[in-house]
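Here is the structure we will look at.
The values are calculated or read from the model by the stated rules, or taken from the named source; none is laboratory data. A quick note: this is a predicted structure, and the numbers were derived from the prediction, not measured. Note that each Cβ is placed from the backbone with ideal geometry, even for glycine, and that neighbours are counted across all protein chains shown. We work out accessible area using only protein heavy atoms, side chains counted, and drop any ligands, DNA or RNA first. Shrake-Rupley method; radii C 1.70, N 1.55, O 1.52, S 1.80 Å.
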Amino acid sequence: MELVAARRAAGFSQESLAEALGVDRTTVMTWEAGTHAPTLHVRPRLAWVLKRSTEQLEELLGERSRAVAFERPDLDPALAWLDRHAGWASGTARQRVGEGLARPVPAAAVGRRHLADALANYYGGANQYAAQFGSADVLTSVFTRADWLDLGCALSPTGDALMTSAGASANTEFDEYAAGVATRKLIEAVTKGTRLTDAPVYRLVDISPSTVAIRGRFEVASFLDYALTVDLLEQELLDVLTGRTTNLPLRDARMPTLESVVDLPNRLCGGGVLALFAVARPADPYRGAADYVLLVQERSKQVVNAAGRLAVIPKGFHGPLNDVRADCRIGATLRRELEEELFGRADVDITGGPVRAAEPMHRTRLSEPMRWLLAEPGRLRMECTAFGLNLVSGNYEFACLIVIEDEEFWERFGGHIEANWESAGLRQYSSRDGDSLEELIADNSWSNEGLFAMLQGVRRLAEIGGNRVRLPPVEWRVG
């Protein structure tokens, strides 16, 4: 009411104040109702027309004075989603995110092993993927089984046997605590520039991987339903590990046991496909004998998952471009991610909005490297090496290996390969440099799923790569 009194004392109606400030009357009404705060660029003029100092205006606004204006139109759907599911009045999420931006909390920094150990403690440590690579001994947060590993399943029309079906909407039950965690996720999205596009994603409801075929069934879900519900489990865990909170009510309610982790039909299980990319190179007088170049990325701060961590490349959410049935195959996602993340095709990036091309992966639209790879059978070898469920948020992970055995590819297209916005940097390693790879595997900045795919990819490459591979063995264990 203080703002109303100040307006009247200055001789303004809501309409005349709006006209003096160049805004509409509804905006003034929201200020006076307390649902929004004046943006930073409006406040100096508002103070002047109300004949108040800036300090006096801040006192009038009270809590609202801490709100910060932010321009992220791409987050409007996420803000509306949060208002709707939290039962808030329209605009409340934007207000709360703005207030949070005025009181920034440093982003939590927790190493990969710390996450894995915490989840082993929570779930009892059963079936988490661990491995020995030279002197590096690592534990991951990926739940898996012996018969889900060492698959070496060719992603052929018969081996890549995933399918889609219609299903009910995912449960997005929400309470005030969940709304608070979701609000902080959106605050971080603003500060880091994270992209949160409400694109369709695949939700896994059944899986049966084998060396012969990867069989399973998906339903289509909303990315925001995933990002602002089950993906909050990671944020909540980070809060506990950094001492901000002491309990895990979201995890306790949504994924409290290993039985609930594998109960795919009754939870929203989103996920992705990621692959170790290995390309044959000829012998070189400086580098040495013929080998495979292995690519590893440092993930950008703008991505939703594994931000700022090491991962194999390509790595992407599993979701359709515009053909829900055909795009659910693992190979379809891998080819799209190769085009997007390494071969420079921005038009297949689903975070950029709806895809306009009727057939975005038509051969006439392919990049030059991809067109060369698909011109002859056998130039592009893709296999699923393992499957797991990441206990961090319950995501499914299809770990894969992409091998290009023709040395001509690197000679012709090595200079074309460049990571997109999802990567902060790209590294290359030799399949004959065991010392460097041992140091890499021991790096605590890996994402858990990235390390899982890297180790399973290296293990499979050692089986099929012949003399190009000279590395310590990968000895995995689950238990």
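Things worth noting here:
- Whether a residue is open to solvent by 30 Å² or more (accessible area, probe 1.4 Å) and either at pLDDT below 95 or under 24 Å from the mean Cα position of the chain (by Cα) (or both) was assessed, and Asp117 passes this test.
- Where a residue in region 233-254 is free of Cβ contacts under 8 Å to residues at least 24 places away in the same chain and its partner, wherever it lies, is open to solvent by less than 40 Å² (accessible area, probe 1.4 Å) and part of a helix (DSSP H, G or I), with Cβ under 6 Å and at least six apart: Thr245/Asp239
- Filter pass, Gly344 being assigned to a loop (DSSP other than H, G, I, E, B), touching a residue at least 24 places away in the same chain (Cβ under 8 Å) and open to solvent by 10 Å² or more (accessible area, probe 1.4 Å): yes
- Some residue of region 373-383 being open to solvent by less than 20 Å² (accessible area, probe 1.4 Å), modelled with pLDDT of 95 or more and not aliphatic (A, V, I, L, M): yes
- For region 57-75, filtered to residues that are at pLDDT 80 or above and more than 17 Å from Gly100 (Cβ to Cβ), the residue that is least open to solvent (accessible area, probe 1.4 Å) is Asp74.
- Looking across region 269-288 at every residue that is among the hydrophobic types (A, V, I, L, M, F, W, C), in contact with a Lys or Arg (Cβ under 7 Å, 6 or more places away or on another chain) and buried (at least 23 other Cβ atoms within 10 Å of the Cβ), the one that is nearest to Asp225 (Cα to Cα) is identified as Cys269.
- Within region 91-108, the residues that satisfy the criterion of being out of contact with any Asp or Glu (no Cβ under 9 Å at 6 or more places or on another chain) and open to solvent by less than 10 Å² (accessible area, probe 1.4 Å) are Val97, Gly98.
- Number of the exception - Ala290 against (1) among the hydrophobic types (A, V, I, L, M, F, W, C); (2) in contact with a Pro (Cβ under 6 Å, 6 or more places away or on another chain); (3) under 25 Å from Val181 (Cβ atoms): (3)
- Number of the exception - Ala424 against (1) free of Cβ contacts under 8 Å to residues at least 60 places away in the same chain; (2) under 23 Å from Gly344 (Cβ atoms); (3) out of contact with any helix residue (DSSP H, G or I) (no Cβ under 8 Å at 6 or more places or on another chain); (4) of a type in the set (A, V, I, L, M): (1)
- Test: residue in region 199-219 that is within 18 Å of Leu82 (Cα to Cα) and either in contact with a Leu (Cβ under 7 Å, 6 or more places away or on another chain) or free of Cβ contacts under 8 Å to residues at least 12 places away in the same chain (or both): no
- Selection within region 355-368: residues that are within 26 Å of the chain's Cα centre (by Cα) and in contact (Cβ under 8 Å) with a residue 40 or more places away in the chain. The member of this set that is most open to solvent (accessible area, probe 1.4 Å) is Met361.
- Test result for Leu401, under 29 Å from Gln302 (Cβ atoms), aliphatic (A, V, I, L, M) and either part of a helix (DSSP H, G or I) or open to solvent by 60 Å² or more (accessible area, probe 1.4 Å) (or both): no
- Subset of region 9-26 that is assigned to a loop (DSSP other than H, G, I, E, B) and modelled with pLDDT under 85 - its residue that is farthest from Arg52 (Cα to Cα): Asp24
- Residue within region 246-268 that is under 18 Å from Pro77 (Cβ atoms), open to solvent by less than 40 Å² (accessible area, probe 1.4 Å) and of a type in the set (D, E, K, R) present: no
- Residues in region 131-148 that are open to solvent by less than 10 Å² (accessible area, probe 1.4 Å) and either in contact with a Phe, Trp or Tyr (Cβ under 7 Å, 6 or more places away or on another chain) or not in a strand (DSSP E or B) (or both): Ala131, Thr140, Val142, Thr144.
- Near pairs, Cβ below 6 angstrom, 6+ apart or cross-chain, from region 321-340 (assigned to a helix (DSSP H, G or I)) to any residue that is open to solvent by less than 10 Å² (accessible area, probe 1.4 Å) and among the aromatic types (Phe, Trp, Tyr): Cys328/Tyr202; Cys328/Phe218; Ile330/Phe398
- Test for Ala424: is it open to solvent by 50 Å² or more (accessible area, probe 1.4 Å) and in a strand (DSSP E or B): yes
- Residue, farthest from Glu188 (Cα to Cα), within region 289-336, restricted to residues that are open to solvent by less than 10 Å² (accessible area, probe 1.4 Å) and charged (D, E, K, R): Asp291
- Of all residues in region 27-56, those that are on the phi < 0 side of the Ramachandran plot, assigned to a loop (DSSP other than H, G, I, E, B), at pLDDT 70 or above and open to solvent by 80 Å² or more (accessible area, probe 1.4 Å) total 1.
- Just one residue in the set Gly124, Gly111 is closer than 13 Å to Asn448 by Cα, surrounded by fewer than 17 Cβ atoms within 10 Å (Cβ to Cβ) and at pLDDT below 95; that residue is Gly111.
- Applying a threshold of 6 Å to beta carbon distances and a minimum spacing of six or more residues, or different chains, the list of pairs starting in region 160-175 at a residue that is modelled with pLDDT under 60 and ending at one that is surrounded by 18 or more Cβ atoms within 10 Å (Cβ to Cβ) and among the aliphatic types (A, V, I, L, M) reads Ala170/Ala221; Ala170/Leu268.
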